[in-house]
Amino acid sequence: MHIRVALDAGVSRDQVLDTLLIAALIGKTSVLTSSLRVLRDVEERM
């Protein structure tokens, strides 16, 4: 939901991707994989 809202608000794909990468590095978790899947799914629906 947040990714779609951000993209609808005019945030660029690169900005979303940068945010996901930074969050994954800070959190040191496997959230990156699922977040990238969500980004892909949102982009496919647009």
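Bear in mind these aren't lab numbers, they're just calculated from the coordinates by the rules spelled out. Bear in mind that the values here come from a model prediction, so they are computed numbers and not experimental data. Using ideal geometry, Cβ is built from the backbone for each residue, glycine included, and neighbour counts are taken over all protein chains shown.
So if I place +1 on the C-beta of Lys and Arg and -1 on the C-beta of Asp and Glu, and nothing else carries charge, what would the dipole magnitude of the chain be about its Cα centre? I want it in debye, nearest 20.
My answer is approximately 160 debye.
log10 I(q)/I(0), Debye, Cα-only the chain, no solvent, q = 0.17, 0.27 Å⁻¹?
-0.44, -1.01
Between the helical axis of 31-45 and the dominant principal axis of the chain, each derived from Cα atoms, what acute angle in degrees is found, rounded to the nearest 10?
So the inclination is approximately 10 degrees.
Between Ser34 and Arg4, take the C-beta separation as r, use R0 = 22 Å, and let me know the FRET efficiency to the nearest 0.05.
0.90
Which of Ser35, Ser30 comes first, and how do the rest follow, when ranked by fewest Cβ neighbours within 10 Å?
Placing the least packed residue first, the sequence is Ser30, Ser35.
Run lengths n ≥ 4 of DSSP H only: what is the helix-derived mean residue ellipticity at 222 nm for the chain, with -39500 (n - 2.57) per run over all residues, to the nearest 500?
-25000 deg cm²/dmol
Using the number of other C-beta atoms within 10 angstrom as an exposure proxy, rank Arg40, Arg13, Arg45 with the fewest first.
With the sparsest Cβ surroundings first, the list reads Arg45, Arg40, Arg13.
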